[in-house]
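Please treat every number below as a calculation from the coordinates, not as lab data. Please read these numbers as outputs of a predicted model, since none were measured by experiment. Every residue, glycine among them, receives a Cβ derived from its backbone with ideal geometry; neighbour counts consider all protein chains shown.
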Amino acid sequence: MREEWKKRLGTVWAGTECLGFRILDSTNEYGKSLAVRRPVHGLLITAQSQTAGKGRRGRTWQSPEGTAVLMSLCVEPEFLPERAAGLTLVMAMAAAEAIRELTGVQPGIKWPNDLVLNGKKICGILTEMVFRKEAYAVILGVGINVNTEQFPKELEETAGSLKTELGRAFSKDALIGMVLRFFEAYYEQYQMTGDLSLLKERYEAFLVNRDKEVRVLDPQHPYQGVAKGITKEGKLIVVDQNNQEQCVDSGEVSVRGILGYT
Ligand code: BTN
């Protein structure tokens, strides 16, 4: 079974060890609980449903059983932890490429890491880190709404799935395999430089905010400008109304399009 999965997957390390569950509190939490105890580089955890799925900024992430890809990929980078935040953007690219390959339709990336199709959010990524004695692990949690048809009331306007947007069902396992293959290839490139210099251009090809008016929701000083692309560290480059280039860090502020969600 294990050998069969590895052969079909075709990666060298990403997802070659896979733990699949019907139900978990959160695939990220499970990944973290293992990563503090033992090496986890390449370990994949999947679930059909989560009882306490976590989103960014303390939000929850809910999906009806069996309808979404709920996965966490654990990696143990050779570069310094300060550089690990960029892996979130690497995973967003891998998920976008995988969706394009599976469906033939290219999703966009709303900086830094939401995937959108027809202006609806179809995928979110939550990256967490844990430290062991001499190593640290990054847990890249990915939720992709694949065949989901029902969303919590408050998300009805902004959330979608491959099925709601493209009108048919898709294989979640095929999608997971594609995400892992793209991620492995992109990770090797990220690791070479410890930043996005080799991947920036490809990332920008998916960036829905590019050349669009955005509002930077900085609590101290909110402002409006035009998004131009990303730095090699993954910050969003915004030209503000005084024609000054600002580099926006996703850990500190969020960005909204001026017309709706994207
Ligand atoms: C977001 O808020 O956009 C990030 C959502 C991340 C959800 C995924 S689902 C699998 C993994 N386990 C979790 O608890 N969260 C991530």
Output ordering of 138-146, 73-81 (per-residue mean of other Cβ within 10 Å, highest first) is 138-146, 73-81
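If I stretch the segment between V226 and T51 completely, what's the gain in nm (0.36 nm per residue apart, minus their alpha carbon distance), one decimal?
Result for the pair: 59.1 nm of gain on full extension.
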Compute the relative contact order of segment 115-241 as a whole-number percentage, counting only Cα pairs closer than 8 Å that sit 6 or more residues apart in sequence. 14
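Averaged over every viewing direction, what's the projected area of the C-alpha convex hull for the chain? Give it in nm², one decimal, please. Working shown, then result.
Numbers: hull surface 55.6 nm².
Mean shadow area of the hull around the Cα atoms is 13.9 nm².
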Under 18 Å from the Cα of K232, which lysines turn up, not counting those fewer than eight places away in the same chain? K110, K200
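Can you give me the convex hull volume of the Cα atoms of segment 207-256, divided per residue and expressed in Å³?
Spelled out: Cα convex hull of segment 207-256, divided by residues, is 68 Å³.
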Lysines with Cα under 21 Å of K172, excluding same-chain neighbours fewer than 8 positions away: K6, K7, K54, K120, K121, K163
Förster radius 51 Å - calculated FRET efficiency between L217 and K7 (Cβ-Cβ, nearest 0.05): 0.65
In nm, to one decimal, how far is the S33 label point from the R132 one, both placed 7 Å along Cα→Cβ? 1.7
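For a quick protection proxy, order the peptides 160-172, 88-100 by their average other-Cβ count within 10 Å, most packed first. The partial results should precede the final answer.
Values: 160-172: 16.9, 88-100: 24.2.
My ranking of the peptides, most packed first, is 88-100, 160-172.
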Assuming a ≥ b ≥ c are the square roots of the Cα gyration tensor eigenvalues, decide whether segment 1-123 counts as rounded (a/c under 1.5), prolate (otherwise, with a/b larger than b/c) or oblate. rounded
Provide the per-residue ³J(HN,Hα) series for segment 157-165, in order, calculated from phi with Karplus coefficients 6.51, -1.76, 1.60 and θ = phi - 60°, each as a whole number of Hz, with x at glycine and proline positions. 6, 10, 9, x, 9, 4, 5, 5, 8
